[in-house]
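Asks: Before I ask anything, here is the structure I am working with.
Derivation of every value follows stated rules applied to the coordinates shown; laboratory data play no part. Everything quoted here is computed from the prediction, not taken from an experiment. Glycine also receives a Cβ, built like all others from the backbone with ideal geometry; neighbour counts cover every protein chain displayed.
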Amino acid sequence: MSNSPTASTPAADSTPPPGRRVRKGLKVTLLSIAGVLAVVVVGLIGTTTVNAIASASEADDIERYGRLVDVDGKKMNVAVQGAGDQTVVLLPGFGTASPVLDFAPLVDELKSHYRVVVVEPFGYGLSDETEKPRTSANIAGEVHEALQQLSIDRYALMGHSIAGIYGLEYVNLFRDEVTAFVGIDSSVPTQPGMDAEFPIDALRTAKSLGLVRVLSAAAGDPYAGLPFSDEQKKQMGILSLRNGFTATYADEMEHFASNFRDAQRLSFPKDLPLLLFVQDDNTDVPGWLALHEEQAAASDRSELVRLKAGHYLHHTKSPEIAAATEAFLAAG
């Protein structure tokens, strides 16, 4: 037997080969991603299902108001209140869920002096949707047809926000009928930012998946502190979810850039009395006040009223708007 030291046998290396470690790590990553995706898919199935059920239930809760008139083979909703010798026609800003309810504080102030007509264009309030392109000319023509159905052919036109663009088209098409234009923080053709592209498809997908409903619920009451009843708030909430991001809504968004661009060829007729209520401290649109001052300066008879309030001036400044409108129209 040899007296030399016994050679020890090296222990086997228990570390897996690099390739096996990579495959194992990738498997864990993929399983984690799959788990997250499964949770997301289950969640989206849940929100989609809840949204469909809630939408169907809410449809039965909608309270009818106004009256439907035939326009271009469809139904347009119009509400008439008051019985004054003069008529004021109100047009909403873009995406207003229920123009009749949204304008309620202002209508309450105006209806003791005027016959007040609120028109809900196609896609708004209780009016039908339409496949007709949402150009300014089409919208103006449809509103005019609704008024014709009610034998209304002499009125002051009052519009909020984007109705400043549609109103420009309207008064140039139907100048003989319009006695004055009153803008409620109304849009101006040359205001910046209206050539931006909007993620319309993504918004419509979010609605179909029920995500808009989830976000709306998380956002809380958008009418908190405003002069609306609980029932009015409920109805506006239902109609907002119903009318938002529909095909008609999306088509109007897609026409923003072209409608603003086309409006640059127009101006309010110099002989048309022009009353503009303008948000005094709008920091979202550069030159907002100056743009309206320029519009007013081009009219033979105009007045610009600056109000410290949000864009929806009629939500909080209806008494001031009504009083100034009455004085302006009486002086004409």
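Asks: Could you give the dipole magnitude of the stretch 67-331 about its Cα centre, charging the beta-carbon of Lys and Arg +1 and that of Asp and Glu -1, in debye to the nearest 20? Intermediate results must be reported in sequence, preceding the final value.
Replies: Values: 22 positive and 37 negative charges, 84 e Å.
The dipole magnitude comes to about 400 debye.
Asks: Using a Förster radius of 25 Å, what is the FRET efficiency between residue 242 and residue 327 based on their Cβ-Cβ separation? Nearest 0.05, please.
Replies: Working: r = 38 Å, r/R0 = 1.54.
Between residue 242 and residue 327 the formula returns 0.05.
Asks: Give me the one-decimal nm value for the distance between modelled label points at residue 209 and residue 282, 7 Å along each residue's Cα-to-Cβ direction.
Replies: Spacing of the two 7 Å Cα→Cβ label points: 3.3 nm.
Asks: Continuing with this model, one more query. Would the stretch 67-331 count as rounded, prolate or oblate if I go by the C-alpha gyration tensor, calling it rounded below 1.5 in a/c and otherwise prolate when a/b exceeds b/c, oblate otherwise? Numbers along the way, then the final one.
Replies: Numbers: a/c = 1.31, a/b = 1.26, b/c = 1.04.
It comes out rounded by the Cα gyration axes.
Asks: Next question, about the same structure. Work out from phi, with θ = phi - 60° and the Karplus expression 6.51 cos²θ - 1.76 cosθ + 1.60, the ³J(HN,Hα) of each residue of the stretch 215-224, listed in order in whole Hz, and give x for Gly and Pro.
Replies: 5, 5, 5, 6, 6, x, 7, x, 10, 4
Asks: On full extension of the chain, what length is gained from residue 129 through residue 61, given 0.36 nm per residue of separation minus the C-alpha to C-alpha distance?
Replies: Numbers: separation 68, 0.36 × 68 = 24.48 nm, distance 1.94 nm.
Working it through step by step, the gained length comes to 22.5 nm.
Asks: Oh, and also: Tell me, what is the Rg over Rh of the stretch 187-231, with Rh the Kirkwood radius over Cα pairs? Numbers along the way, then the final one.
Replies: Details: Rg = 15.6 Å, Rh = 13.7 Å.
The Rg/Rh ratio comes out at 1.14.
Asks: Per residue of the stretch 97-105, what does 6.51 cos²θ - 1.76 cosθ + 1.60 with θ = phi - 60° give for ³J(HN,Hα)? Whole Hz please, x for Gly and Pro, Karplus curve as stated.
Replies: Running phi through 6.51 cos²θ - 1.76 cosθ + 1.60 with θ = phi - 60° gives 4, 9, x, 4, 6, 4, 7, 3, x Hz.
Asks: May I ask you to derive the relative contact order of the stretch 67-331, considering only C-alpha pairs under 8 Å and at least 6 residues apart, and to give it as an integer percent? Walk me through the numbers on the way to the answer.
Replies: Numbers: 466 pairs, mean separation 57.6, N = 265.
Relative contact order for the stretch 67-331 comes out at 22 percent.
Asks: Considering the options 78, 323, 232, tell which one lies farthest towards the positive end of the dipole of the stretch 67-331, charges being +1 on Lys and Arg and -1 on Asp and Glu at the Cβ, about the Cα centre.
Replies: Among 78, 323, 232, the one farthest towards the positive end of the dipole of the stretch 67-331 is 232.
Asks: Let's see if you can work this out: charge +1 on each Lys and Arg Cβ, -1 on each Asp and Glu Cβ, no other charges. What is the dipole magnitude of the stretch 102-201 about its Cα centre, in debye to the nearest 20? Please list the in-between numbers first.
Replies: On the way: 6 positive and 17 negative charges, 89 e Å.
It works out to roughly 420 debye.
Asks: Show me 117-129, 182-194 ranked by packing, highest mean number of other Cβ atoms within 10 Å first. Kindly include the intermediate steps, with their values, before the conclusion.
Replies: Working: 117-129: 24.4, 182-194: 20.9.
Ranking, from highest mean packing down: 117-129, 182-194.
Asks: In whole Hz and in residue order, list the ³J(HN,Hα) couplings for the stretch 66-78 that follow from phi through the Karplus curve 6.51 cos²θ - 1.76 cosθ + 1.60, θ = phi - 60°; x for Gly and Pro.
Replies: x, 9, 8, 10, 7, 9, 6, x, 10, 10, 10, 8, 9
Asks: Let me ask another. Tell me, what is the Rg over Rh of the stretch 156-218, with Rh the Kirkwood radius over Cα pairs?
Replies: Values: Rg = 17.1 Å, Rh = 14.4 Å.
Across the stretch 156-218, the Cα-based Rg/Rh ratio is 1.19.
Asks: In the structure displayed, which of 132/233; 207/234; 132/270; 75/317; 75/308 lie more than 28 Å apart, Cα to Cα? Intermediate values should be presented prior to the final figure.
Replies: On the way: 132/233 30 Å; 207/234 19 Å; 132/270 32 Å; 75/317 32 Å; 75/308 37 Å.
Beyond 28 Å: 132/233; 132/270; 75/317; 75/308.
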